[in-house]
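Structure record follows, encoded as structure tokens.
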Amino acid sequence: MDQEQLEMYEYARKRLRQKKRLYFHFVFFFVGSIFLFIINKWIGVNKEANWYIWLVTIWFFLFILHFIKVFITDSFMNKKWEQEQINRLMTMQEKKLEQLKNEIENKKP
């Protein structure tokens, strides 16, 4: 395997691991929410307060943040995007250096 294929393979493994963790997070969230409901309503731990709703809401918000990171942020800010940004910044730096060289050469009497 050449270097480019190896990088593509590693990126695919990383993405698969991210998605796998997200799916596990969803299952854990679902089962955990049911568990919290059972503790509050059926077992009767502070039954009048409905505290489980707050916990499930906060947990759902964290799950949404995890979802956004995996499927939105990381899908377009990947290795290719990173390389493009590096190349763009390097080109800008080279242009700036060339400008400075030209300015220095033009100032010499």
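The values are calculated or read from the model by the stated rules, or taken from the named source; none is laboratory data. Everything quoted here is computed from the prediction, not taken from an experiment. Counting neighbours? That spans all protein chains shown, and the Cβs are built from the backbone with ideal geometry, glycine included. When the accessible area is computed, the model is the full protein with side chains, heavy atoms only, and any ligands, DNA or RNA have been set aside. Shrake-Rupley method; radii C 1.70, N 1.55, O 1.52, S 1.80 Å.
Here are the numbers:
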| quantity | calculated |
| --- | --- |
| Flag for F28 being surrounded by 11 or more Cβ atoms within 10 Å (Cβ to Cβ), closer than 30 Å to K80 by Cα and modelled with pLDDT of 95 or more | no |
| Only one of E84, E7 that is among the charged types (D, E, K, R), assigned to a helix (DSSP H, G or I), open to solvent by 80 Å² or more (accessible area, probe 1.4 Å) and touching a residue at least 40 places away in the same chain (Cβ under 8 Å) | E7 |
| Criterion: modelled with pLDDT of 90 or more and of a type outside the set (A, V, I, L, M, F, W, C) - qualifying residue of E103, E98 | E98 |
| Any hit, segment 70-83, residues being of a type in the set (D, E) and over 26 Å from Y9 (Cα atoms) | no |
| Verdict on W59 being touching a residue at least 24 places away in the same chain (Cβ under 8 Å), over 26 Å from E10 (Cβ atoms), open to solvent by less than 80 Å² (accessible area, probe 1.4 Å) and not polar (S, T, N, Q) | yes |
| Some residue of segment 30-46 being part of a helix (DSSP H, G or I), touching a His at 6+ places or on another chain (Cβ under 7 Å) and of a type in the set (A, V, I, L, M) | no |
